[in-house]
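The structure appears right after this line, and notes come after that.
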Amino acid sequence: MDESALLENYLIVGALLFGTGLVGFFSRRNMIVMFLSAEMMLQGVSVNLVAWGRYHNDWGGQMLVIFILTVAACEAAIALAVVLTLFHKSGSLDIAIWQRMREENQPAYVDRDVSPDYQPDHQWPKLTPSGIEPKPDLEEITHRAHV
Amino acid sequence: MTPGIPTLLILIPALPLTATIVTAVFGRSALKQNSHRPVVLALLGSFVASLMMLAQVRQESEAKPSQMVGWETSVDLWNWAEVPNALNTPPAAHSASVQGIEHGLPAALPFRIDLTLRADALTSIMLAMVTFISLLVAIYASGYMHGDRGYWRFFSYIGLFVFSMTMLVSASNFVLLYVFWEAVGLCSYLLIGFWYEKPEAAAAGKKAFLVNRIGDFGFALALFLMWTTYGTLNFHDAHGIAGILGQTRLADPELYVGGGVATAICLLLMLGACGKSAQFPLHIWLPDAMEGPTPVSALIHAATMVTAGVYMVTRCTPLFMVSPDAQHVVALVGFVTAAIGGVIAMTQTDLKRVLAYSTISQLGYMFLGLGVATLGGITSGMFHLFTHAFFKALLFLGAGSVMHAMGGVVDMRRFGGLRRLMPTTHWTFLFGCLALAGVIPFAGFWSKDAIIAAVQERAHDEPEFLYLYWGALVVAFLTSVYTFRAFFMTFYGSERVPYEAGPNAHESPTSMTVPLTILAACALVVGAYFERTEGFAEFIKLTPSLAYEVVNSKNVEIVSQSHTLVGAISTLVALTGMGLAAFLYLGDESQVALLTRLLMPLYLLSHGKLFFDQIYNVLFVWPLWTLAQASYWIDRVLIDGLVDLVGRIPPKLAALLRPLQTGMVQFYALAMVWGVVILIFTLLTWPTH
Amino acid sequence: MNDVPIVIGSATLLLAAGMWLMLPRGAAAGRSFGTLLVAISLGLFASQVPRLGNWVNDSVFLILAAVAVLSAVATVTFRNPVYSAIWFGLSLLGTAGLFLFQGAQFLGVATIVVYAGAILVTFLFVLMLAQPEGQAFYDRLSWGARLSALTGALVVGVLTLTVVSVFQGPAVEDRPQSPFSKVALDDGILADQHMANLGAQLFSKNLVAVEVAGTLLLVALVGTVAIVAQIHKPAGGRERSHG
């Protein structure tokens, strides 16, 4: 095989993966998809590293990818924890909700593309609730950690 | 086995310092109302050590080798600072070197300060006096200050003061002297403002500190001038360089620089002494300093610290000897201060202030003695310092005892006839008054008499001193009058007690009356004993500075031996003053009122303290205050405005960037990537050569 | 050779336009047209790089690359995040194949195991947990779709142009050539004992890094627990304490 051509091909595949990840990270509003896109960028980088490692007949590239895997695992754990926390606070995975942390007096970003006659693609069937409704725990409701 | 002089010399300051540290560290948490114990113990140790040192110094001094001028010894502790080749062109006066190596002197002199302590007659007598008075005052204060919130703080200050004062009198270098000169000033400031919640106390502390700054400024200038003139600041000869007050120079008076430089040095030194010893025109801080606790007034502002100026001038006698003009200034300043103090004390109604002005007046006497510049004058000045410490401490402590019983009231118009209520205080106060008025055989008689006699003797050479002689007698009369005025107003007449004293005003506790009794005994005997038995002057003149032959040559005999005439006159004057005071204040008050009306302008002048404060306000305080206000305005409006202007720029700049903070995470990432893209694109297309 | 920048430039623009069309934009249509544009653009990119010199190798590589890149595009453009995640899995498979194709066997397997097996499943799990019923409006909308697509495509274009201009520069002798022969590679990273060599490298030269990575994992674990633990604290109190 032509090693230079191989490297060149891989670099361009890496660039494409990276660029696609970027587009996803910029445009998607769902936090989970944003993180998927970020992982995609990591994939692009990994492809690059492996290709360079082969080109130089060096293990360093693969080593770095192993560490990227490690860091990606850590990142995923923390990211999911943060996403869960944010979801718990806002009830939504929409990243735009958190634009309330913008600088004071700045205009908010408003969705312009929402069509007024928006309908979800699928209407999921609703099940009638059945069984006995559980009683709310009064103590839990009235509990206050701080007074 | 008795420890040697070096050990004692180190021990005397080290003990109070240790006590200070112990009290400061453990006082608040552990010692509390026992805080006086370490300090009193340390002072006792110091006092015993000073007595042992006094005995040894005396022995050594009298057995001194004949070629030595006076007797001194010094202990080098460590080198504090050394700058080699600091002074490049030694003036003529440096050609003095030890052992006559006159031509082998290095071209450049080092600036070298060793932490050196010295022992000689002057130092040892000062040490003994300081530690003794401090010990008694500390014992007294353990009763007087009992229950005060700052009890431990008070005693740690007292320990610090005694440390500084003992270091001051045993330092053998002008820089060290200056350092501890400032340290006692600091202690004075801290103790005047001890009750800092009281605005008057805080203001008085500030005033004392600021007025002292003027004097210390002069002292510092004197130090600079001495360094450039003599190339050293040591008292003693060390490291091949003749000290300013060292054996080499003392043996050869030609080595002292005369003329204008000498006068300048002496006048600047005198300015420093004026600040510390409350002499005209810097005397105004001392009366206000009475805001401090009374034991402090007794220890610092009557017996010890204020005499530092007298000590310093005495120590520098050889310098003053080459400048007759400076001697006259010292004498004149001393006399004027004595007169001012005496006149103002006549009409004050605050018991402590009467005593404060009397202190100023007595310090004036001491300077008058020093200004006479004969051996008799200087030794009598020192002798007056010595005796004055005892009886003035006694008077202040007595006043404190009265205050203690009267619930803090010091206005003599509000109490009276306390002699039955406070018998011990009454008797001891009487002894103090007799000593202050100079009644034979009390301590004050011997020393004051010696000063007046020395002035009279000097008048044989210079007739101008005759005016000072008569003036000094008038002041002695005033002294007697105001002393007994205060005494009669406090202890005689109908018994009156202010309501602050409560229903059962009583004599002070034992811890206070015992020091009073001891001091009263001292006030009685200390003059006669040291004058007649021990020969105070004979001993003190063994100090190198005073053993200087020029001093001795000026005067043929030591004053104390004669002057029956002067003694008789001054006793007569004192008794007349007593009689006048008794006539005025023991009878009804109509005579006082009549006299007041007759001498209304004089009365107003005296009652207004000669309006020094007001004059200084107009001359110095107001202009400076106006200047300060103007500067404040410039700072606030102009400079702060400029700074604010500069400070307004970043927010404006930031406002430009503010729209970027949209809160959308994607936007941030996008901006970052655009940056990278532009960077890479630039790198690729950058024309390379 | 002069038309290389032009081709890459147009490929970039096509990619941008295609991505924009494919991204969720409310009710807007044109997704299939976008797919076509993206495919053309990818073809243009592929046309600008040299082949590997062996039709088997070429076809295997191209298939793997196409799977990886197309699945990636699908990942970011699908409206339903669950589909996105599954497409991402496919993209990972493609990447893993690419790793294997280069002889990085361990990485190929590890990518599948760690990413597809663990991380992706966790993502899916959270997705299921947090996804509201039905499709959320924010999955049907994009933020700055035009700008994002343009930026991403521009990055790809700039990178590709860089790579191509270096490897296919005007002067043939300046083009980089691999200094290692097939034999050297067979003795090096392509040697038979792949795992053994990798392990030896990992635990000799990179031992410190391995330890640090282990610590990092631990810290991440603790951090995750700490963050998640906050969720279950009652709201009110903390915020009030911040005044």
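The values are calculated or read from the model by the stated rules, or taken from the named source; none is laboratory data. Worth saying up front: this structure is predicted, and the values here are computed from it rather than measured. Neighbour counts run over all protein chains shown; Cβ positions are idealised from the backbone, glycine included.
Sort through C:A200, C:A153 and tell me the only one that's farther than 30 Å from B:L679 by Cα and either at the interface with another protein chain (Cβ under 7 Å from one of its Cβ atoms) or part of a helix (DSSP H, G or I) (or both). If you could, list the steps in order and put the result at the bottom.
On the way: C:A153 fails: farther than 30 Å from B:L679 by Cα.
Only one candidate passes the filter, namely C:A200.
Do any residues in the stretch B:660-674 that are over 18 Å from A:G21 (Cα atoms) have Cβ atoms under 8 Å from those of residues that are hydroxyl-bearing (S, T, Y) and part of a loop (DSSP other than H, G, I, E, B), where the two are at least six apart or on different chains, and which pairs are they?
B:T662/A:Y109; B:G663/A:Y109
Would it be correct to say that B:L250 is under 16 Å from the mean Cα position of the chain (by Cα) and assigned to a helix (DSSP H, G or I)? So that I can check it myself, show each step before the final result.
Values: under 16 Å from the mean Cα position of the chain (by Cα): no; assigned to a helix (DSSP H, G or I): yes.
Criteria not met by B:L250.
Is it true that B:S46 is touching a Pro at 6+ places or on another chain (Cβ under 8 Å) and within 21 Å of B:A121 (Cα to Cα)?
yes
Look at C:G53 and say whether it is more than 17 Å from the chain's Cα centre (by Cα), touching a residue at least 12 places away in the same chain (Cβ under 8 Å) and on the phi > 0 side of the Ramachandran plot.
So C:G53 fails the test.
In the stretch B:184-193, what residues are at pLDDT 90 or above and either of a type outside the set (A, V, I, L, M, F, W, C) or more than 17 Å from B:A302 (Cα to Cα) (or both)?
Hits for the stretch B:184-193 are B:G185, B:S188, B:Y189.
With the stretch C:68-137 as the region, which helices (runs of 4 or more DSSP H) entirely inside it contain at least 2 residues that are more than 23 Å from C:G34 (Cα to Cα), at the interface with chain A (Cβ under 9 Å from one of its Cβ atoms) and at pLDDT below 90?
Those helices (runs of 4 or more DSSP H) span C:120-130.
Restricting to the stretch C:203-228, and then to whatever is facing chain A (nearest Cβ under 8 Å) and in contact with a Ser or Thr (Cβ under 9 Å, 6 or more places away or on another chain), can you tell me which residue is nearest to A:E3 (Cα to Cα)?
C:A213
Considering the stretch B:1-42 alone, what residues qualify as being of a type outside the set (A, V, I, L, M) and touching a strand residue (DSSP E or B) at 6+ places or on another chain (Cβ under 6 Å)?
Narrowing the stretch B:1-42 to residues of a type outside the set (A, V, I, L, M): B:2-4, B:6-7, B:13, B:16, B:18, B:20, B:23, B:26-29, B:32-38.
The answer is B:P6, and nothing else.
Scan the stretch C:2-61 for residues that are within 29 Å of C:G169 (Cβ to Cβ), in contact with a helix residue (DSSP H, G or I) (Cβ under 8 Å, 6 or more places away or on another chain) and assigned to a loop (DSSP other than H, G, I, E, B) and jot them down.
C:Q48, C:V49, C:P50, C:R51, C:L52, C:G53
Consider only pairs whose beta carbons are under 6 Å apart and that are at least six residues apart or on different chains; among these, list those whose first residue lies in the stretch C:214-235 and is under 26 Å from A:L69 (Cα atoms) and at pLDDT 85 or above and whose second residue is among the small types (G, A, S) and assigned to a helix (DSSP H, G or I).
C:A220/A:A77; C:T224/A:A77; C:T224/A:A81; C:I227/A:A81; C:V228/A:A81
Could you count how many residues in the stretch B:338-370 are closer than 13 Å to B:A453 by Cα and either of a type in the set (F, W, Y) or out of contact with any Ser or Thr (no Cβ under 9 Å at 6 or more places or on another chain) (or both)?
Summing the residues that are closer than 13 Å to B:A453 by Cα and either of a type in the set (F, W, Y) or out of contact with any Ser or Thr (no Cβ under 9 Å at 6 or more places or on another chain) (or both) in the stretch B:338-370 gives 1.
Return only the number of the condition from (1) more than 14 Å from chain A (Cβ to nearest Cβ); (2) more than 30 Å from A:A38 (Cβ to Cβ); (3) modelled with pLDDT of 85 or more that B:A655 does not satisfy.
Exception for B:A655: condition (1).
Kindly evaluate C:R146 against the criterion of being touching a Lys or Arg at 6+ places or on another chain (Cβ under 6 Å), more than 7 Å from chain A (Cβ to nearest Cβ) and under 30 Å from A:N30 (Cβ atoms).
Taking the combined requirement at face value, the residue does not satisfy it.
Give B:W470, B:W446, B:W427 a once-over and let me know the one that is part of a helix (DSSP H, G or I), more than 20 Å from B:Y585 (Cβ to Cβ) and touching a residue at least 60 places away in the same chain (Cβ under 8 Å).
On the way: B:W470 fails: touching a residue at least 60 places away in the same chain (Cβ under 8 Å); B:W427 fails: more than 20 Å from B:Y585 (Cβ to Cβ).
From the options B:W470, B:W446, B:W427, the qualifying one is B:W446.
In contact with an Asp or Glu (Cβ under 9 Å, 6 or more places away or on another chain) and either in a helix (DSSP H, G or I) or at negative phi (or both), is that true of B:R149?
no
All but one of (1) out of contact with any strand residue (DSSP E or B) (no Cβ under 7 Å at 6 or more places or on another chain); (2) within 19 Å of B:L269 (Cβ to Cβ) hold for B:G243; which doesn't?
(1)
Against the definition (more than 7 Å from chain A (Cβ to nearest Cβ), closer than 26 Å to A:Y55 by Cα, without any contact (Cβ under 8 Å) to a residue 24 or more places away in the chain and aliphatic (A, V, I, L, M)), how does C:A184 come out, yes or no?
For C:A184, the condition - more than 7 Å from chain A (Cβ to nearest Cβ), closer than 26 Å to A:Y55 by Cα, without any contact (Cβ under 8 Å) to a residue 24 or more places away in the chain and aliphatic (A, V, I, L, M) - is not met.
Identify all residues within the stretch C:14-34 that are over 16 Å from A:T20 (Cβ atoms) and modelled with pLDDT of 90 or more; write none if there are none.
Selection gives C:F33 alone.
Select, from A:M34, A:M40, the only residue that is within 14 Å of chain B (Cβ to nearest Cβ), surrounded by 22 or more Cβ atoms within 10 Å (Cβ to Cβ), under 13 Å from the mean Cα position of the chain (by Cα) and free of Cβ contacts under 8 Å to residues at least 24 places away in the same chain.
A:M40
Before we move on, is C:V163 modelled with pLDDT of 85 or more, within 7 Å of chain A (Cβ to nearest Cβ) and over 30 Å from C:T122 (Cβ atoms)?
The answer is yes for C:V163.
Please work out which one of (1) at pLDDT below 90; (2) under 17 Å from B:N212 (Cα atoms) is the condition B:K276 fails and give its number.
Condition not satisfied by B:K276: (1).
Residue by residue, here is whether (1) within 23 Å of C:N80 (Cβ to Cβ); (2) within 14 Å of chain B (Cβ to nearest Cβ); (3) modelled with pLDDT of 80 or more holds:
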| position | (1), (2), (3) |
| --- | --- |
| A:Q62 | no, no, yes |
| A:E75 | no, no, yes |
| A:L84 | yes, no, yes |
| A:H88 | yes, no, yes |
| A:W98 | yes, yes, yes |
| A:R102 | no, yes, yes |
| A:A108 | no, yes, yes |
| A:Y118 | yes, no, no |
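Given the options B:A476, B:A453, name the one that is at pLDDT 85 or above, over 21 Å from B:A501 (Cα atoms) and either in contact with a Lys or Arg (Cβ under 8 Å, 6 or more places away or on another chain) or not in a helix (DSSP H, G or I) (or both).
After applying the criteria, what remains is B:A476.
Suppose the filter is at pLDDT below 85 and over 27 Å from C:G103 (Cβ atoms); does C:A171 pass it?
Numbers: at pLDDT below 85: yes; over 27 Å from C:G103 (Cβ atoms): yes.
Yes: the conditions hold for C:A171.
Give the stretch B:481-519 a look and list any residue that's among the small types (G, A, S) and over 20 Å from B:C433 (Cβ atoms), or say none.
B:S494, B:A501, B:G502, B:A505, B:S511
Of these, C:V73, C:V113, C:V67, C:V82, which one is of a type outside the set (G, A, S), closer than 18 Å to A:V23 by Cβ and within 19 Å of the chain's Cα centre (by Cα)? Step through it out loud before you land on a result.
On the way: C:V113 fails: closer than 18 Å to A:V23 by Cβ; C:V67 fails: closer than 18 Å to A:V23 by Cβ; C:V82 fails: closer than 18 Å to A:V23 by Cβ.
Only one candidate passes the filter, namely C:V73.
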